[in-house]
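Have a look at the structure below, then the notes.
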Amino acid sequence: MTDPRLEDHAVGVELQLTELNEELERARVQGRTERMAELSKEIAELQDDLAVTAERITGEHWAEPEIHAPHAT
C-alpha cells in the first residue's frame, strides 16, 4: 500500500511547480532575467524532488522483477 504522505507530498510539489512556472512566465514577460534564473533553479529542484517521490511511490507498488535464466537446450 502506498504511503499517503508520499502521495500528498507529490501533489504539493506539483502545485508548487504550477505556481512557479506561472511566476516564471510573468518574469519572462516583464524581462526580469535575474528572477527567471532564480525561478528556473527552484523549478529544477522541485522537478528532481518530484521524480524521487514518484520513484518511491512506484517502488511501493511494484516488486523487483524476477529474472530467470534461459532454459538450456
Seminar exercise, completed: Selection from region 35-73 of residues at pLDDT below 95 and farther than 24 Å from L6 by Cα yields E66, I67, H68, A69, P70, H71, A72, T73
For this session: Determine whether L24 is surrounded by 15 or more Cβ atoms within 10 Å (Cβ to Cβ), free of Cβ contacts under 8 Å to residues at least 24 places away in the same chain and touching a Ser or Thr at 6+ places or on another chain (Cβ under 8 Å).
Result: yes
For this session: Might you let me know whether region 22-34 holds any residue that is modelled with pLDDT of 95 or more, outside any helix (DSSP H, G or I), out of contact with any His (no Cβ under 9 Å at 6 or more places or on another chain) and not small (G, A, S)?
Result: yes
Exercise. Among the residues of region 1-21, how many are open to solvent by 60 Å² or more (accessible area, probe 1.4 Å) and either over 25 Å from G59 (Cβ atoms) or assigned to a helix (DSSP H, G or I) (or both)?
Worked result: 12
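The values are calculated or read from the model by the stated rules, or taken from the named source; none is laboratory data. This structure is a prediction, so every number in the text was calculated from the model and none was measured. Note: ideal-geometry Cβ built from the backbone for every residue, glycine included; neighbour counts use all protein chains shown. Surface areas here come from the heavy atoms of the whole protein model, side chains and all, with no ligands, DNA or RNA. Shrake-Rupley method; radii C 1.70, N 1.55, O 1.52, S 1.80 Å.
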